[in-house]
Structures are given as C-alpha cells and as structure tokens.
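I have placed the structure first, in the form of structure tokens, so that the comments after it can refer back to it.
What follows draws every value from the coordinates through simple rules; no lab data is involved. From a predicted model like this one, the values you see are computed outputs, not experimental measurements. Quick reminder, even Gly has a Cβ in these numbers, built from the backbone with ideal geometry, and neighbours come from all protein chains shown.
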Amino acid sequence: MSISTTARGLGLAATAAFALLAGACGAAAEPATTGTPPPPSASVAADPIAVRDMWVKTADKGMTAAFGTLLNTGGADVTIVKATSTASPMMELHEVAEVDGKMEMRPKEGGFEIPAGGSHVLEPGGDHLMLMDVKAPVKAGDEVTVTLTLGDGTTFAFTAVAKDFAGGNESYNPGTGASPMTMS
C-alpha cells in the first residue's frame, strides 16, 4: 500500500469519526419532546404599576401635591396604600369630598384601588398625593421622586416634574378633622 492511499484512508476515517461525533452531539443538544412545556426561566416580574403624565405643583414651603395617572398593568387589582418622597418628610393619599356643603381634602381611607388593567386619575380637586411640610422649595422643572407602596408591600418609584399651577389653592384649617384642609 502506498503512503498516499494510507493518508487518504486515514483522512476518510477522520472525516467519518467527526461526522459521527457531530451527529451525536447534535442529538444530545436537542431537548426531549414530552408534550410538557419547559419550566419558565427565572426572571423579575414586571411592575404591576405604571404612571403617565405625573407632575408636582410648585411650592416654596408647606404643602404641595402630585398629580397624573396611575395605571395597573397587571392581571389583578392593586391598592396603593402609602407614598413617600425625598421632597417631603410626610405624604398622604388624599381625596376631595363634600363635607357640610364644602369641599374638603382628607386622607383616603383604604388607599387608591386600581382594577386590573385599569387606571386611577390623580388631579387637582380630586384624588392626589399630598406632600406635607415641604421644607425646601419645589421649583418649576425640579424632578421629585415618589415611591408608592402597594397593599402587598411591594414598592414602585417614579419621578414627577414640578410645574407652576394656579388652581387647587389649598389652605390648612386646624381643628376640623384628621387632616383638615379646605379648598378655595
């Protein structure tokens, strides 16, 4: 046998061995089909809350409020039970209700409930996020970070831009309730 025939035989043998190994590896890489879907990969669940057009009324000190729309992007109802902000040492979830013929702001008992796939509007003269005892001025264009706490303890943070707004003139009226504020 000549050297070239031996080399050709070894080359063919090597090619056949490679093809055999490649086929075996390919077969092992294919998942077995059992009719059962593979388990979901570990991932972080998406926030059930989103916001749209959030803004904060400018204020030199005292009180101000955050407005916009809260969106429930999840498949279950959620309740916002608390809000915090670096711009204020204390926040309350507020509603405006008629009391003795006057419109009055007060804490919203039970928080803001948002149905699955629904929304909740925060607006002057209606529900809003009240920032109490603001010490540093909130000026037009400032970005204010707010963190919402849901009933299940999860939190969601967003940023709202401060803007001038002449409406919603709140005044503190001591002695008329838990958080007595009237609107003028």
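Go through the range 49-86 and count every residue that is within 18 Å of Leu150 (Cα to Cα) and of a type in the set (Lys, Arg).
2
Please go through (1) within 19 Å of the chain's Cα centre (by Cα); (2) part of a loop (DSSP other than H, G, I, E, B) for Met130 and return the number of the only condition it doesn't satisfy.
Going through the list (1) within 19 Å of the chain's Cα centre (by Cα); (2) part of a loop (DSSP other than H, G, I, E, B), Met130 breaks only (2).
Within the range 114-132, restricting attention to residues that are hydrophobic (A, V, I, L, M, F, W, C) and surrounded by fewer than 15 Cβ atoms within 10 Å (Cβ to Cβ), which residue is farthest from Phe158 (Cα to Cα)?
Ranking the candidates gives Ala116 first.
Limited to the range 133-143, what total is found for residues that are out of contact with any Pro (no Cβ under 8 Å at 6 or more places or on another chain), of a type outside the set (A, V, I, L, M), in a loop (DSSP other than H, G, I, E, B) and surrounded by fewer than 14 Cβ atoms within 10 Å (Cβ to Cβ)?
Of the residues in the range 133-143, 3 are out of contact with any Pro (no Cβ under 8 Å at 6 or more places or on another chain), of a type outside the set (A, V, I, L, M), in a loop (DSSP other than H, G, I, E, B) and surrounded by fewer than 14 Cβ atoms within 10 Å (Cβ to Cβ).
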